[in-house]
Amino acid sequence: MKSFHPKNFLVFSFLFFLLSLSHLIDILFSLGSALKIISILSI
């Protein structure tokens, strides 16, 4: 395991964190728009 560098692991985990964060933001936006549509329909 000499070829394994902790810095590379940090970079990969940071990239994965950014990807999951963007996915979470997309999910939150879609949930917010769905809630707006539901509130408009319920009125």
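Computed from the coordinates by the stated procedures, all read-outs in this text should not be read as laboratory data. Predicted model, so just to flag it, every value in this text is computed and none were measured.
Compute the angle between helix 6-42 and the longest alpha-carbon principal axis of the chain, please, reported from 0 to 90 degrees and rounded to the nearest 10.
With rounding to tens, the tilt is 0 degrees.
Sum -39500 (n - 2.57) across every DSSP H segment of at least 4 residues in the chain, then divide by the residue count to get the 222 nm mean residue ellipticity, nearest 500. Don't skip to the answer; put the middle values down first.
Values: 1 runs with 37 residues, N = 43.
So the helix-based figure for the chain works out to -31500 deg cm²/dmol.
Given that just one value was derived from the coordinates, which of (i) 10.6; (ii) 13.0; (iii) 11.4 is Kirkwood radius over Cα pairs in Å?
Answer by label: (ii).
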